[in-house]
Amino acid sequence: MQGIVIPISMVPGNSAIHRMNPLPKLLWTFGILALSFSTRNIAVLGIAFAIGLLLVFYSRITSAYLRVALILFPISLTLITLQSIAPAFPRPWTTIAAFGPFNIYQEGIYSGISLLLRIMAMTTWAMVTIMTSHPSDIFTSLKKIGMPYVLNFILVMTLQLIPILQNEFGTVLNAQKSRAMKGSGFGAILPSMVPVFVGAIERVQQLSISLESRAFGSTGQKSSFRQVRMAFSDYFVMALGFVTTGLATYWVIIDKSLDWSKSMTFSPIFAVSLVLSATIGFLVFVIFAIRAALSA
Amino acid sequence: MEPIIKVENLWHTYPTGNITALREVSLNINRGELIGVIGQNGSGKTTLVKHFIGLLKPTRGKVFIDGEDTEPLKVQQLAAKVGYVYQNPNHQLFARTVQEELEFGPNNLGVPKEEVQERVEQAIKFFGLEELRYLHPYRIGFPLRKLVGMATIYTMKPDIFILDEPTTGQDNITTQKVYRLIKKLRDEGATVLCVAHDMILLSEVVDRMLVLRDSEVIMDASPREVFSNNEIMASTHLAPPQITSLSLNLRKNKNKLDDVVLSVDEMLALSKDSNQKEKI
Ligand SMILES: Nc1ncnc2c1ncn2[C@@H]1O[C@H](COP(=O)(O)OP(=O)(O)OP(=O)(O)O)[C@@H](O)[C@H]1O
Ligand SMILES: [Mg+2]
């Protein structure tokens, strides 16, 4: 199954991050999530993103990360295009350039860049966590800290559903190709999505039967075969994450000088070229995606 | 005459887990041949036949279908000549009803509407699918689902028909349908490859067997030769049909029989032969 299948699941490895207990990783990820939603400051978001990237390199998951990022980033570029002409910001807006029938606004550029960085920062941290942790370890760790069993199960299944769906999609596509599926590109691929979801529903039904037949709903203490231990370093990293992201979030909320939406001004040239390159970047991506689908 | 399938020094390594599933396989298959592919679980049978329709591409070596190198060809293109019935029907079926499932292939091949309907009717009759016609493939039991899988390829009328374990887990009635299918395909001039653990089925229908062991084709010969080769049979943990074992034993122990027998009918025919009769 080549081509469009992108695995967002564990990438085996032996980095310190791989060996770490999933709990500190999850805590950091949720901390960064909270921080990212609490600020629009470009520098803060940019630093969070950059640290996330360093972790990606450090844990040697770069190629798996890039495969996801190469899809996510161009799609997120549309945020710059859309925000620049229709900012998600309280009016009044400051016009800095006209672009055909549209005005490009100062607040729009700012908001576009910060939304893009916010998405990239959050997904980068989340991917580091997902790609360096075994799903069962995440499950066991969350159970340990008292996450309700059913809720926990739903969370982990959702994480696993993505690779399952991708797999299913590849299988159905192969089945259709081996019966001489005519045409290619999105038009031909879209109908394949229907059986993929039917297949997924079927799978979930099967799963619920097999779960029930193995006493999933039973109450009482559950034992787990997989043992995940917290080492001293894990507690340390966790405490560090709690303090760092907590303080940072507190700081970005109370420090009003971090609102650069008015003070950080963009030259018309910069604004126009940014919007243009974001738009072109997205279109190039669309063309490549269609070509990839055609040759799949 | 040029072979319809030509395999030259084929290797295949799965990227996940770095498993070499095929090692140095070379063979030729001629038009109209009936070939059985046998070997233990995991010996590489499915990996081999998936190369013929392009679902897998060689890691090393070449595969030619009808003289054409498969390397640059897409599965969709090869599917016009090669029909592959998946080992697992769940990986093959995707449409909402059996009817749609049967129409999908020939429609894609550009077969005229009336002819598609004719082929669908034929297939439904041949495989006895009348009652399943408007059901969702997932609502049908596993053995019948496998029959539907065969029918979807049957309506495409490919030159090369590949069956991946068609009789595994099937009851007698369904197994009989598979027999009839293979014989019908032979009469229509198709080239048939049948992956199977069912030695009785193979001994009765195929002319030639490919024996795989640990990713290699270790023997390529007639069923009679394969079954009488003790070493091969032992090393692959395969057992010939009982009637063949009997004939082999008779031949070896008491020198009572001269031939290797593949079926009860053959044995009966021999026993009518006065010369052999007293020996048996
Ligand atoms: N998609 C895959 N990824 C990795 N390894 C695989 C994959 N498919 C098969 N294998 C491995 O390749 C080897 C050969 O598998 P294959 O399916 O060809 O065997 P087979 O002879 O068809 O077996 P069976 O009788 O069980 O169908 C096995 O060791 C199997 O585990
Ligand atoms: Mg197989």
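The values are calculated or read from the model by the stated rules, or taken from the named source; none is laboratory data. What you see is a predicted model, and the numbers here were worked out from it, not measured in a lab. Counting neighbours? That spans all protein chains shown, and the Cβs are built from the backbone with ideal geometry, glycine included. These accessible areas exclude ligands, DNA and RNA; they are computed on the full protein's heavy atoms, side chains included. Shrake-Rupley method; radii C 1.70, N 1.55, O 1.52, S 1.80 Å.
Within chain B, antiparallel bridges make up roughly 50 percent of the DSSP beta bridges whose residues both belong there. Note that region B:45-60 has calculated 3J(HN,Hα) couplings of 4, 4, 4, 4, 6, 5, 5, 6, 10, x, 5, 10, 10, x, 6, 8 Hz, one per residue in order, obtained from phi through the Karplus relation 6.51 cos²θ - 1.76 cosθ + 1.60 (θ = phi - 60°); glycine and proline are x. Each other residue within a Cβ distance under 13 Å of B:Thr70 adds +1 if Lys or Arg and -1 if Asp or Glu, for a net charge of +1.
Database remark: amide H of B:Cys194 closer than 5 angstrom to the amide H of B:Ile35, B:Gly36, B:Val37, B:Leu163 (H placed geometrically; neighbours at sequence offset of 5 or more, or on other chains; Pro and chain starts carry no H). Beyond 20 Å, what share of the Cα-Cα pairs of region B:94-157 is found? Please give it as a whole percent. Cα-Cα pairs of region B:94-157 separated by over 20 Å account for 15 percent.
Once the other residues with Cβ under 15 Å from the Cβ of B:Val98 are scored (Lys, Arg +1; Asp, Glu -1), what is the net sum? Taking every Cβ under 15 Å from that of B:Val98, the sum is +2. Across the alpha-carbon atoms of chain B, the computed radius of gyration and Dmax are 20.0, 63 angstrom.
Size of region A:37-81 from its Cα atoms: along the principal axes, largest to smallest, the extents are 30, 22, 13 Å.
Using only the C-alpha atoms, the convex hull of the protein assembly as shown corresponds to 221 Å³ per residue. If you wrap region B:1-132 in the convex hull of its Cα atoms and look at it from every side, the mean projected area works out to 10.0 nm².
Bridge orientation summary for the protein assembly as shown: considering DSSP beta bridges with both residues in this region, about 55 percent are antiparallel. With distances taken between every two different alpha-carbon atoms, region A:1-134 has a Kirkwood hydrodynamic radius of 16.2 Å. Sequentially through region B:191-197, phi angles give Karplus couplings (6.51, -1.76, 1.60; θ = phi - 60°) of 8, 10, 10, 10, 7, 7, 9 Hz, Gly and Pro residues having no value and appearing as x. Close amide H contacts of B:Ser26 (hydrogens built in the peptide plane, cut-off under 5 Å, sequence separation of 5 or more or a different chain): B:Asn9, B:Leu10. In terms of accessible area, using a 1.4 Å probe and ignoring ligands and nucleic acids, A:His134, B:His51 rank largest first as A:His134, B:His51.
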